[in-house]
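*Asks:* Before I ask anything, here is the structure I am working with.
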Amino acid sequence: TINQRLDKDSLIMICDEFNFEVEFAEQYGKDILSSEEKETKKEKLKTRSPVVAVMGHVDHGKTSILDCIRKSNVIADESGGITQHIGAYQVEFHNKKITFIDTPGHEAFTAMRARGADITDIAVIVIAADDGVMPQTIEAIDHAKAADIPLIIAINKIDLPDADPEKVKVQLVKQNVRLQGWGGSVEYVECSAKTGEGIDNLLETILLVAEVEELSARYSGNAEGVVVEAKLDKGKGPVATILVQNGVLKTGDIVICGAQFGKIRLLLDERGQPVPICHPSGVVQILGLNGIPQAGDTLNVVLDEKIARDITSKRQYIIRQRQIASGKGATLDNLFDRIQQSELNVLNVIVKADTDGSVEAICDALQKIQSKEIKVNIVHKAVGGIVEADADLAAASNAIVIGFHVRPNAEARKSAELNKVEIRLYDVIFEAIDDVKKSLEGLLAPVIHEEAIGTAKVKQIFKISKVGVVAGCYVTEGKIINDAPIRLFREEIKIYEGRIASLKRFQNEVKEVHEGQECGIVIENFNDIKVGDIIEAYIKIEERKKIE
């Protein structure tokens, strides 16, 4: 209709058809928020601390290196010793600050890692000296290159007996990453998070690269930043982790975070301690937003709460319109349509998690495991515990509910029991993905293959009234089973396909006749049997189809 919103692809296609060039506007309100500080002269800019993304393959020691730097233990808080969220920490070395962003290494977190690279100045790629370059290492290097930021290679675990740093260097050359001393300019450090060897060298290298990059920001005026992570805390409400990029963020500031706004009640550092202000390259948690923003949203400080309300309400309206246009909104109308599409097997899923990054990672991984025959449909995704509305929506859409680091409340449990809704709770994302994969394999049409179980040769024909033609047979191979599907061959050509109606040995009806024995066979609805015909019995075997 005239007031209906079209998706991006449709707009490009229609404009192209009529030879129009299409240009997409930035997020609503950007022009209002672009303050005078944007035209700040260079002399007002000051040197800022580098923001470093620590990236690499799972279990190569990224968080262990940060632990060693921070002299704390982050891993203890993570399920299975795996970083499931983006953590942001600030450390001081030689009276200079460095902000670290620890990104998860498993392939399920591609989107989160990409975001980690997009908001940072330097990427430290951690590679285990005993394991070498792995798939997620290559992915991390690609993300850093795409973000056009300098690389530092940290060859970790050099204390292990089977460590081979030279092998890692050779593998990096194959990935077109040329280290210093190997015909390139990429800095590298050999270190051990366990013994602490080379860690100071790594920090010095980071500060050296940051100096070359000449990083700067303005230290006055309204703050601008990026949401690194967002979650719903039971006692505190919506909590967003913010990386400040320009200006100074203070308690009491009115902020817009994507489609949410609020007045900052409290700023907390990485250890949960209150702080009054946050400068560029600093990371703080902010309390006081009216809702949970999305990871990657921009934060802007505004002077007037009315402007904040107007911009966010308009942005929320646009998001709702987009959902309706793309058919992804969880409305009963389109859920009914989806359920009607029975020719396509659909596994409907509702995803609830403790942080926005985890929601995004799970949904991203689920989209990757679909095949041509099957479709994963994310009916609804949100941050927070599983509530009654989630269970009701799952019942209406025939969906399963996946909870990550969250639990259903009493009302949700009752509704799930009443409506027979399955709620699955997980602490490790990989397990959730594996379980959904198994569910999908159950929905895939099974692979059916046939297996011959026996053949019999027709030796004589008997015509019996009220019965029809009985074939006197000799079982030459395997066994013939009563009621089995059969094929009748004459001179190696298939004449008929059907089932055995009756199988007799002498005068008795039997279940099966084995090789070397004689029997009488009546074929269902078929009498044109001749001496010399071959009857082949077979069975159909169903196998569950696997998703690659």
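*Asks:* Kindly state, to the nearest 0.05, the FRET efficiency for residue 448 paired with residue 494, given R0 = 22 Å and r defined as their beta-carbon distance.
*Replies:* Using R0 = 22 Å, I get an efficiency of 0.75.
*Asks:* Let's test the formula: R0 of 30 Å, r as the Cβ-Cβ distance of residue 407 and residue 160. What FRET efficiency results, to the nearest 0.05?
*Replies:* Values: r = 39 Å, r/R0 = 1.31.
About 0.15, to the nearest 0.05.
*Asks:* Also, I was wondering about something else. A 18 angstrom limit on the alpha carbon distance is what I want to check against. Which of 44/263; 457/504; 62/381; 263/306; 62/157; 463/530 exceed it?
*Replies:* Distance filter (> 18 Å) returns 44/263; 62/381.
*Asks:* Follow-up question, since we're still on this one. Suppose every K and R has +1 on its Cβ and every D and E has -1 on its Cβ; what is the size of the dipole of the stretch 344-465 about the Cα centre, in Debye to the nearest 20? All intermediate terms of the calculation are to be shown ahead of the outcome.
*Replies:* Details: 15 positive and 18 negative charges, 180 e Å.
So the magnitude is around 860 debye.
*Asks:* How much accessible area does residue 13 have with a 1.4 Å probe, in Å² rounded to the nearest 10?
*Replies:* Probe radius 1.4 Å; accessible area of residue 13 about 130 Å².
*Asks:* Same structure, new question: Cα to Cα, under 17 Å, and not fewer than 8 places away if on the same chain: which aspartates and glutamates meet these conditions relative to residue 414?
*Replies:* The reachable aspartates and glutamates, counting only those whose Cα sits under 17 Å from residue 414, are 388, 390, 392, 422.
*Asks:* Related question: Give the residues of the stretch 214-245 whose amide nitrogen is closer than 11 Å to a point set 7 Å from the Cα of residue 269 in the direction of its Cβ.
*Replies:* Those under the cut-off are none; the list is empty.
*Asks:* Can you pull the one-decimal nm distance between simple spin-label points at residue 466 and residue 233, each 7 Å off the Cα toward Cβ?
*Replies:* 8.8 nm
*Asks:* 7 Å from Cα along Cα→Cβ at both residue 93 and residue 310: what's the point-to-point distance in nm?
*Replies:* Using points 7 Å along Cα→Cβ, the separation is 4.7 nm.
*Asks:* Further question: So what are the stretch 428-548's ellipsoid semi-axes, whole angstrom, largest first, if each one is the square root of 5 times an eigenvalue of the alpha-carbon gyration tensor?
*Replies:* Details: eigenvalues 326, 38, 32 Å².
Ellipsoid semi-axes (Å, largest first): 40, 14, 13.
*Asks:* Given points 7 Å out from each Cα along the Cα-Cβ axis, report the residue 428 to residue 502 separation in nanometres with one decimal.
*Replies:* About 6.2 nm separates the two model spin labels.
*Asks:* Measure of size requested: the Rg and Dmax of the stretch 244-323, with Cα atoms as the atom set and Å as the unit; please supply both.
*Replies:* Here Rg and the maximum Cα pair distance are 13.0, 40 Å.
*Asks:* Here's another thing I want to ask about it. Any idea what log10 I(q)/I(0) is at q = 0.11, 0.12, 0.21 Å⁻¹ for the stretch 113-195, Debye with uniform C-alpha scatterers and no solvent?
*Replies:* -0.27, -0.32, -0.96
*Asks:* Run down the aspartates and glutamates and flag those whose C-alpha is under 20 Å from the C-alpha of residue 30, throwing out any fewer than 8 positions away in its chain.
*Replies:* 39, 118, 224, 253, 297, 304, 305, 310
*Asks:* Using r as the Cβ-Cβ distance of residue 319 and residue 527, and R0 as 45 Å, what FRET efficiency do you calculate, to the nearest 0.05?
*Replies:* The calculated FRET efficiency here is 0.05.
The values are calculated or read from the model by the stated rules, or taken from the named source; none is laboratory data. Worth saying up front: this structure is predicted, and the values here are computed from it rather than measured. When we count neighbours, we look across all protein chains shown, and the Cβ atoms used for this are built from the backbone with ideal geometry, even at glycine. To get the accessible areas, we keep the full protein, side chains included, count just its heavy atoms, and leave off ligands, DNA and RNA. Shrake-Rupley method; radii C 1.70, N 1.55, O 1.52, S 1.80 Å.
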